[in-house]
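Asker: This is the structure I have questions about; it appears just below.
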């Protein structure tokens, strides 16, 4: 159980850092990253907090993945809920101010992307399952037979276009994030000597059994 609790700590540390990284990129004030452009566009249309929109988008993506028979994990559900909640909290307390200097904005965007990369390391290494957006990428790759990178790029281009049309904040930072986020992740994973392909992710029922100390063949008691 101590190992399980340590994994939970890694999961929630990753989710919190992910929200911190997103808010840092938003406050860089040079354009949002791709999914935030989409979330901001919907937030503008429905007049709802961007973190709350992130939760509803995550829920919709989870439903799409389930309909495509993709298994979801405990981490998928936590990602859907807590990243948005942490974003709302950070934006409400207004810890990070908007940058007015372009070059400081670029620097903050890069720092934010590295924070997201570190968050990704903690989140993935916990082994609780992929996030809703990653699950969508996997579903699309399976259905279309296109390479995973092509599917990811296609999704991000699509959400940027829709988000910008809805009034989301598009700028040089959006392009910068799209270009260097992969390098930030690669450098971070190399620094931690981490290979994400070696991680075996639990589905939700595996985590449920571990939490309640059930054997794989046992069923939870009826109420």
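Asker: Using a 7 Å offset from the Cα along the Cα-to-Cβ direction at both residue 47 and residue 205, what is the distance between the two label points in nm, to one decimal?
Answerer: So the label points at residue 47 and residue 205 sit 4.5 nm apart.
Asker: Quick check: the distance between the Cα centres of region 1-64 and region 74-128, to the nearest angstrom?
Answerer: Answer, in whole Å: 7.
Asker: Going highest first, how would you order 40-46, 182-188, 20-26 by mean Cβ packing within 10 Å?
Answerer: Peptide ranking by packing, descending: 20-26, 40-46, 182-188.
Asker: So, one more: With contacts defined as alpha carbon pairs under 8 Å and 6 or more residues apart, what's the relative contact order of the chain in percent?
Answerer: 36 percent.
Asker: Another question about this same structure. Given [x] 7, 27, 31, 20, 12, 3, 0; [y] 8, 32, 31, 18, 11, 1; [z] 8, 31, 38, 17, 5, 1, 0 as candidate values of P(r) over Cα pairs in 10 Å bins from 0, in percent, which corresponds to the one derived from the coordinates?
Answerer: Derived directly from the coordinates: [z].
Asker: Just to confirm the number: angle between the C-alpha axis of helix 74-93 and the first principal axis of the chain, 0 to 90 degrees, nearest 10?
Answerer: 40 degrees
Asker: Let me ask you something else. What distance in nm lies between label points placed 7 Å from Cα along the C-beta direction at residue 106 and residue 89?
Answerer: Rounded to a tenth, the inter-label distance reads 3.4 nm.
Asker: Tell me, what is the FRET efficiency for residue 9 and residue 165 to the nearest 0.05, using R0 = 45 angstrom and their Cβ-Cβ distance as r?
Answerer: 0.65
Asker: Follow-up question, since we're still on this one. Does anyone have the angle between helix 50-67 and the longest principal axis of the chain? Alpha-carbon axes, 0 to 90°, nearest 10?
Answerer: Here the helix axis deviates by roughly 50 degrees.
Asker: While we're here: In degrees from 0 to 90, rounded to the nearest 10, what is the angle of the helix 102-125 Cα long axis to the longest principal axis of the chain?
Answerer: Rounded to the nearest ten degrees, it is 10.
We did not get these values from a lab; they are worked out from the coordinates using the rules stated. As the structure is a prediction and not an experimental result, all values here were calculated from the model. Note: ideal-geometry Cβ built from the backbone for every residue, glycine included; neighbour counts use all protein chains shown.
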